[in-house]
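Engineer: So that we are looking at the same thing, I have put the structure below in structure tokens.
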Amino acid sequence: MTSMTSLPDHITGQVVTPGDPGYEDARRVYNFMIDRHPAVIVRCADTRDVRAVVDHARDSGRDLAVRGGGHSVPGFGTGDGAIVADLSAMNQVLVDPERRTARAGGGATWAMVNDATAAHGLATTGGIVSTTGVAGLTLGGGIGYLARAHGLSCDNLLSAEVVLADGSITTASGTEHPDLFWALRGGGGNFGVVTELEFRLHPVGEILAGFMAFECEDAADVLRYFRGFIADAPREYGGFPSWHLAPPLPVVPENRVGQPFLTMISCWTGDHDEGAQVLQGFRDAAQPVAELIGPMPYPAVNAMFDDMVPRGLQHYWKAVFVKDLTDEAIAAHLEHGPGVPTLSSAVDIYPINGACHDVAADATAFGHRDATYACVIAGMWPDPADNTANIQWVRDYYAALAPHSDPGGYVNFASEDDQPHVRDNYGAGYGRLAQIKRHYDPANLFHLNQNITPAAG
Ligand SMILES: Cc1cc2nc3c(=O)[nH]c(=O)nc-3n(C[C@H](O)[C@H](O)[C@H](O)COP(=O)(O)OP(=O)(O)OC[C@H]3O[C@@H](n4cnc5c(N)ncnc54)[C@H](O)[C@@H]3O)c2cc1C
């Protein structure tokens, strides 16, 4: 047992409390709409530090916030009066090129994993933005450029080291605590603090990637083309349609900067000549106003949008899963997509078929295997004065899509006010998740997340 006053004695890493230099920065997470004041932030240096924080939170009754990359839109990596286990210093990545595996610390970002694995011509599925945390993204599922080729991030998870609510340190894998391992692959941060994740890697060479921006008037043609194409597209294709305001890039006509476009973000991991033919299909559907497509390494693909979404913006997001991109759903996109309010905001329609559908629906806790798309309405803007208008845009868009979507959206894209939808958001595996929660965390120590309460059935 670790008392509040003695906590620093048990910690190798840095302990930051109110009044300390650096507290203002340390209390903040990526979404600056979140403005909370934890009692203490512990920058854990190793698994023993994590255990000390878990023991302290459990024994003191203090809220425990677990922070990996800090990108949670609802700001689960901080909390008023909470103790924060900040794992950002536990970011080592070790690659075994022979076995094609990588071990990443619980605070690593995808940029760190990408750089380490690309040195061996290898990669695994991360997200779309490389500053995002590996742990939070993987525990919720993990949707990204390589998902159609290699499955979700959680499908590539081979094992995890976890500090449980009772302070014990355990490994979860297909053979050790398989119930916990099942729950970690889609059940979010509900079961413990993951201090290390081991991933399967895949050979990934130079990628053909970039964007084509289409007039809003052509968006229906492009979306219908995409719908037909993606149904049985080669798995080397990992792109998605995305509503954006045109950024000030040399390829964008100057008088069109800041105007809305339906953009096809493309990523082709196969032969480049074949990829060029595949991408031509989009140009045949409609003439792009601007495009920038070329060969680049995977770490660069994964970082394409990093500069557009720096830390410190205001965030409000909603998400849906979709089986069929019906004409009615397309009509809703055409009505609301052109209203995308800021350069950082986007609405992305990620395909999650291909290799994601190779995994049996009950093999992991990711509860929406039968969906073809995960769609996110990601409101991101710099000025808190715009909060009301931009939140309303997200909500209106979501209300228009919901009737054409499955119940529930991706937990990692949910906002704080989505907790009432948590059962639908976790989807098919919710009952089993609640059972496993009761076993591993009966007192709900890990509750600052899209929370599965132990009492839930
Ligand atoms: C700009 C941006 C882009 C994104 N793009 C994608 C994308 O392309 N694909 C996608 O799938 N998602 C994406 N997301 C969503 C992302 O997956 C979630 O925000 C995810 O929770 C972030 O993980 P994190 O570790 O950075 O966040 P944190 O805020 O640190 O944590 C989020 C949640 O995960 C838990 N958690 C974090 N680390 C650990 C750990 N080590 N052990 C146990 N629990 C932990 C926390 O307790 C919390 O509940 C994006 C988010 C942002 C802001």
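Engineer: Find the Rg to Rh ratio for the range 282-380, where Rh is the Kirkwood radius over alpha-carbon pairs and Rg uses the same atoms.
Structural biologist: Values: Rg = 16.1 Å, Rh = 16.3 Å.
Taking Rh as the inverse mean 1/r over Cα pairs, Rg/Rh reads 0.99.
Engineer: Still on this structure, I have one more. What is the set of long-range amide H partners of residue 123 at a cut-off below 5 Å, with H atoms built 1.01 Å from backbone N?
Structural biologist: Under 5 Å from the amide H of residue 123 lie the amide H atoms of 202, 204, each far enough along the sequence or on another chain.
Engineer: For the range 343-451, rounded, prolate or oblate, judged on the Cα gyration tensor with a ≥ b ≥ c (square roots of eigenvalues), a/c < 1.5 rounded, else prolate if a/b > b/c?
Structural biologist: Oblate shape, in that a/c is at least 1.5 and b/c is the bigger or equal ratio.
Engineer: Another question, if that's okay. Restricting things to alpha carbons, tell me how big the range 50-174 is in terms of Rg and Dmax, in Å.
Structural biologist: 15.2, 47
Engineer: At 222 nm, what helix-only mean residue ellipticity would the chain give, in deg cm²/dmol to the nearest 500, using -39500 (n - 2.57) for each DSSP H run of four or more? Kindly include the intermediate steps, with their values, before the conclusion.
Structural biologist: Values: 13 runs with 119 residues, N = 457.
Computed mean residue ellipticity for the chain: -7500 deg cm²/dmol.
Engineer: Sticking with this one: Relative to the longest principal axis of the C-alpha atoms of the chain, give the angle of the C-alpha long axis of helix 219-231, reported between 0 and 90° and rounded to the nearest 10°.
Structural biologist: Helix 219-231 sits at roughly 70 degrees to that axis.
Engineer: Identify, among 303, 381, 338, the residue whose Cα sits farthest towards the positive end of the charge dipole of the range 242-389, taking +1 on the Cβ of Lys and Arg and -1 on the Cβ of Asp and Glu, with the dipole about the Cα centre.
Structural biologist: 381
Engineer: Here's a follow-up. Along the positive direction of the dipole of the range 180-233 (beta-carbon charges: Lys, Arg +1; Asp, Glu -1; about the Cα centre), which of 233, 195, 205 reaches farthest?
Structural biologist: Final value for the positive-end residue is 195.
Engineer: Could you work out how much longer the chain between residue 173 and residue 35 gets when fully extended? Use 0.36 nm per residue separation minus the Cα distance between them, nm to one decimal.
Structural biologist: Length gained, residue 173 through residue 35: 46.0 nm.
Engineer: Please tell me the relative contact order of the chain in percent, rounded to the nearest whole number, where contacts are Cα pairs under 8 Å and at least six residues apart.
Structural biologist: 16 percent.
Engineer: Report, in debye and to the nearest 20, how large the dipole of the range 292-348 comes out about its Cα centre when Lys and Arg carry +1 and Asp and Glu carry -1 on their Cβ.
Structural biologist: Result for the range 292-348 is approximately 240 debye, rounded to the nearest 20.
Engineer: If you place +1 on the Cβ of every Lys and Arg and -1 on the Cβ of every Asp and Glu, how big does the dipole about the Cα centre of the range 253-409 come out, in debye to the nearest 20?
Structural biologist: On the way: 7 positive and 20 negative charges, 80 e Å.
Dipole magnitude for the range 253-409 comes out near 380 debye.
Engineer: Evaluate the charge dipole of the range 100-230 about its Cα centre and quote only its size in Debye, nearest 20, assuming +1 on the Cβ of each Lys and Arg and -1 on the Cβ of each Asp and Glu.
Structural biologist: Once rounded to the nearest 20, the dipole reads 220 debye.
Engineer: Pairs of Cα atoms under 8 Å, at least six residues apart: use those to get the relative contact order of the range 271-390, whole percent.
Structural biologist: It rounds to 34 percent for the range 271-390.
Engineer: Which order do the peptides 378-391, 116-129 come out in when sorted by mean C-beta neighbours inside 10 angstrom, highest first? Intermediate results must be reported in sequence, preceding the final value.
Structural biologist: Values: 378-391: 16.2, 116-129: 22.5.
Per-residue Cβ counts within 10 Å, averaged per peptide and sorted highest first, yield 116-129, 378-391.
Engineer: Here is a follow-up. By its C-alpha gyration tensor, with a ≥ b ≥ c as the square roots of the eigenvalues, how is the range 105-161 shaped: rounded for a/c under 1.5, else prolate for a/b larger than b/c, else oblate? Please list the in-between numbers first.
Structural biologist: Details: a/c = 1.28, a/b = 1.05, b/c = 1.22.
Rounded, since a/c falls under 1.5.
Engineer: Mean separation of Cα pairs under 8 Å and 6+ residues apart, divided by the residue count of the range 297-456: what relative contact order is that in percent?
Structural biologist: This gives 29 percent for the range 297-456.
Engineer: Then there is this: Roughly how tilted is helix 272-285, in degrees to the nearest 10 and between 0 and 90, from the longest Cα axis of the chain?
Structural biologist: Helix 272-285 sits roughly 70 degrees off the main axis of the chain.
Engineer: I'd like the orientation of helix 327-336 relative to the chain: the angle between its Cα long axis and the longest Cα principal axis, in ° from 0 to 90, rounded to 10.
Structural biologist: It works out to around 80 degrees.
Engineer: Along the positive direction of the dipole of the range 38-132 (beta-carbon charges: Lys, Arg +1; Asp, Glu -1; about the Cα centre), which of 84, 74, 50 reaches farthest?
Structural biologist: Farthest towards the positive pole: 50.
Engineer: Order 102-114, 347-359 from most to least packed using the mean count of other Cβ atoms within 10 Å.
Structural biologist: Going by the mean number of other Cβ atoms within 10 Å, highest first, we get 102-114, 347-359.
Engineer: While we're on this one: Suppose each label sits 7 Å from its Cα in the direction of the beta carbon; what would the residue 20-residue 100 distance come out to in nanometres?
Structural biologist: Each label point lies 7 Å from its Cα, and together they span 4.3 nm.
Engineer: In addition: Determine how many Å³ per residue the convex hull of the Cα atoms of the chain encloses. The partial results should precede the final answer.
Structural biologist: Working: hull volume 60.7 nm³, N = 457.
Dividing the Cα hull volume of the chain by its residues yields 133 Å³.
Engineer: Can I ask one more? Sorted by packing (mean other beta-carbon atoms within 10 Å per residue), highest first, where do 34-46, 73-85 land?
Structural biologist: Top to bottom by mean Cβ count within 10 Å: 73-85, 34-46.
Values in this text are rule-based calculations from the coordinates and carry no lab data. Fair warning: this is a prediction, and the values are worked out from it, not measured in the lab. Positions of Cβ are backbone-derived with ideal geometry, glycine not excepted, and every protein chain shown enters the neighbour counts.
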